[in-house]
Amino acid sequence: MKSIVCIKRVPDSEARIRIAGDGRSIDPSGVKHVMNPYDEVALEEALRLKEAAGEGSVTVVSVGPEASKEILRTALAMGADDAVLLQCAGSPDGLAIARALAAEIGGRERDLVLFGKQAIDDDNMQVPAMVAELLHLPCATVVVELEIADGHAVARREVEGGHEVIEFDLPGVVSAQKGLNEPRYPSLKGIMAAKKKPLEVRDVELPESKVQILSLEEPPARQSGDVVGGGAEAVPELVRRLRERALL
Amino acid sequence: MPAGRVLAFAETRDSALRPVAGEAVTAARELAEALGSPVDAFLLGPPGIAREAAGLGAYGADRIFVAENEAFSSYAPDASLRLCAEILGRETYSAIIFPASAQGKDLAPRAAAMLDRGLATEVTGLGAEDGVPVAVRPVYAGKAIARVTFTDLPALISVRPNVFRAVKRPGEGLVESVEVAPEPSSQRVKGIETGERETLDVSEATVVVSGGRGMKDPKNWAVLEDLVDALGEHATLGASRAVVDAGWRPHVEQVGQTGKVVSPTLYFAIGISGAIQHLAGMRTAKTIVAINKDAEAPIFQIADLGIVGDLFEVVPALAAEIRRVHAES
Ligand SMILES: Cc1cc2nc3c(=O)[nH]c(=O)nc-3n(C[C@H](O)[C@H](O)[C@H](O)COP(=O)(O)OP(=O)(O)OC[C@H]3O[C@@H](n4cnc5c(N)ncnc54)[C@H](O)[C@@H]3O)c2cc1C
Ligand SMILES: Nc1ncnc2c1ncn2[C@@H]1O[C@H](COP(=O)(O)O)[C@@H](O)[C@H]1O
């Protein structure tokens, strides 16, 4: 089982986001960055598939700044075999990232290409299906259950009110939703071993982003509202207010 | 040069249009008005779906392209792309609008890669500048709002459910059928498995009742189910991650950064503290009601209305009062 897992460096979900002086980007100072949480799930799945098969490899690939080496090291410590950083500046749009990843992945031997369902910075939710389309591979997104046997995959993906079942022959693309598995923490032994694993860094020239950011703003502040009262006695007043707003 | 038309993808399931289809057409209509151009829609479904399609005229579709085939009763991504390409060969389009539903979020990026065009997902606002679409979308889990434009047209856009409320107006669309052969695809969509009963999805309900760790025990959900019942058929249950992680509720109900983003008209946060990752999923709700025994809980900072109190007293009283006023009117 040879898998490639695409991972992205993103601000931690707790991070306070401040808009930079240019009004179009995020001020990165003091922001803690981590591996995108869904990508941890994708990586965990690849590691388990390799362990279950008893053979194969897990390669992690990231497009981003030099600092992305940190998350690639984390991935190696979790158990990935080798890592590639396609180094670039700026914040490319989904299609530009997908093209860089497809160019890298297209030339490699692989049974499965795994992604997180969404990167929690741009919240794009588009790179996995784009890469699949560019490489003409079958694809199941937002997967919560994956079975692989004899080169055949059955994936259950989350849809409104249920699960959609998708089947395909490998190679294929899967994007991971939380719940697919519980990602492991890197062990001390893993962290030591990671230092000796290959991490290749290459500069890439990305195509121009077709989606251009005009401005970035803070969300309109929500007025904190009224506490209408305490306990069950306050219920009639709450219901009156909801009726006033034509909500009931 | 006149602006191109706007094309909307009208999602179907089980031989019927889904509610988000009307929303996509409504959003397309809004954008088309800013551009001064007509609206077309396209859809696939099993034989007979054309009858349903005519209804899209009421949301503002001037023309509706329909491909019918037995094979299209399940989601058919490859055939959908072929239909889309066929339509784009006929007319000039400035934008293609998809719903940011499970299907739309899977299909739109495939279309963007096929057409080599940019895609803005989960859009909450639409307009145009100099004949080019401008889309507004939350990023960083809603901690920032981006305005984006596109270097090439058509611009691909998916719209967040419940934001562009489907608006009916007088008018009929012209239905045109298009042949799309169900060629073998590299993947088979085997259809959808639902639980014992198909519940309204939390991302599509207009009223959401979410419970958190303050519920104490999964058995206590009967209290929330009763409130949902009192609120009516557009209401459904949601949950915080704490209770999903505890195995009390299924992940499909989770609201927040690693769950679903919801924009209902009315959101109840019951026994939920209001952690930043939870707020990421519901801060765009029109009205937020918090019920929590801790007056200092952060949820009260963004709630429009709140009651400080024990949920086990407040929620049953609330369900009873709602039933009482409904019975009166
Ligand atoms: C990467 C990451 C992603 C995350 N994603 C999500 C996400 O998608 N969604 C999400 O919800 N969380 C998410 N979280 C978790 C989040 O940080 C919080 O831990 C979680 O939201 C807390 O859930 P809660 O409000 O139910 O529980 P608590 O924070 O424990 O709050 C329980 C509340 O119930 C109240 N209460 C207790 N008893 C009663 C009573 N009898 N009557 C009334 N009120 C009562 C308490 O006062 C308290 O405010 C994420 C965290 C991380 C690190
Ligand atoms: N810069 C990147 N480098 C590597 N993988 C990425 C990158 N951006 C996105 N991905 C992958 O695509 C998934 C979905 O991202 P997105 O479409 O941006 O929400 C992520 O969870 C990653 O697996």
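The values are calculated or read from the model by the stated rules, or taken from the named source; none is laboratory data. These numbers were taken from a predicted model, which means no experiment stands behind them. We place every Cβ from the backbone using ideal geometry, glycine too, and count neighbours over all the protein chains shown. Heads up: the accessible areas ignore ligands, DNA and RNA and are worked out on the full protein's heavy atoms, side chains in. Shrake-Rupley method; radii C 1.70, N 1.55, O 1.52, S 1.80 Å.
Of the trypsin sites (Lys or Arg not before Pro) in the stretch B:193-228, the ones in a loop by DSSP (not H, G, I, E or B) with at most 16 other beta carbons within 10 Å are B:197, B:216.
If the Kirkwood radius is taken over C-alpha pairs of the stretch B:5-187, then at 20 °C and 1.002 mPa s the Stokes-Einstein diffusion coefficient equals 134 µm²/s. Among the trypsin sites (Lys or Arg not before Pro) found in the stretch A:1-42, those both in a DSSP coil and sparsely packed, with 16 or fewer other Cβ atoms within 10 Å of their Cβ, are A:16, A:18, A:24, A:32.
In this calculation the C-beta distance from residue A:245 to residue A:196 is compared with R0 = 60 Å, giving a FRET efficiency of 0.45. The mean number of Cβ atoms from other chains found within 10 Å of a Cβ in peptide B:145-155 is 5, as a whole number.
Do you know the Lys pair count in the stretch A:2-203 for C-alpha distances under 18 Å, with sequence separation 8 or more or different chains? So the count of such lysine pairs works out to 13. Computed over the protein assembly as shown, the Cα gyration tensor eigenvalues convert (square root of 5λ each) into semi-axes of 36, 31, 23 Å, ordered from largest to smallest. Which net charge results for the neighbourhood of residue B:17, defined as the other residues with beta-carbon distances under 15 angstrom from its beta-carbon, given Lys and Arg at +1 and Asp and Glu at -1? Counting the neighbours of residue B:17, the net charge comes to -3. Express in whole angstrom the spacing between the alpha-carbon centres of the stretch B:205-281 and the stretch A:162-220. Measuring centre to centre over Cα atoms gives 28 Å. Peptides A:124-132, A:185-193, B:45-53 ranked from most to least packed give A:124-132, B:45-53, A:185-193, packing being the mean of other C-beta atoms within 10 angstrom over each peptide's residues. The mean number of partner chain beta-carbon atoms within 10 angstrom of a residue's beta-carbon across peptide B:179-190 is 4.
Comparing the stretch A:2-203 with the 2.2 N^0.38 Å rule of thumb, its C-alpha radius of gyration ratio is 0.99 (two decimals).
How high is the FRET efficiency between residue A:52 and residue A:185 when r is their beta carbon distance and R₀ equals 22 Å, given to the nearest 0.05? Given R0 = 22 Å and the Cβ-Cβ separation, E is 0.65. In the context of the full set of protein chains, residues of chain B present 37 Å² of accessible surface per residue (probe radius 1.4 Å, heavy atoms only).
Each eigenvalue of the Cα gyration tensor of the stretch B:223-329, multiplied by 5 and square-rooted, gives one semi-axis; in descending order these are 22, 16, 14 Å.
Across the stretch A:135-196, Cα-Cα distances exceeding 18 Å account for 48% of all pairs. Label-to-label distance for residue A:214 and residue A:152 is 5.1 nm, based on points extended 7 Å past Cα in the beta-carbon direction.
Comparing the full protein assembly with the isolated chain, the residues of the stretch A:146-169 losing at least 30 square angstrom of accessible surface (1.4 Å probe) are A:157, A:158, A:159, A:160, A:161, A:163, A:164, A:165, A:166, A:167.
Pairing chain A with chain B buries about 7200 Å² of accessible area. This figure sums both sides and uses a 1.4 Å probe.
Using only Cα positions of chain B, each an equal point scatterer, no hydration layer, compute I(q)/I(0) via Debye at q = 0.13 Å⁻¹ and quote the log10 values to two decimals. Per q value, in the given order, log10 I(q)/I(0) is -0.98. Sites listed here are GluC sites (Glu not before Pro) in the stretch A:12-95 whose DSSP assignment is loop and whose Cβ has at most 14 other Cβ atoms within 10 Å: A:14, A:55.
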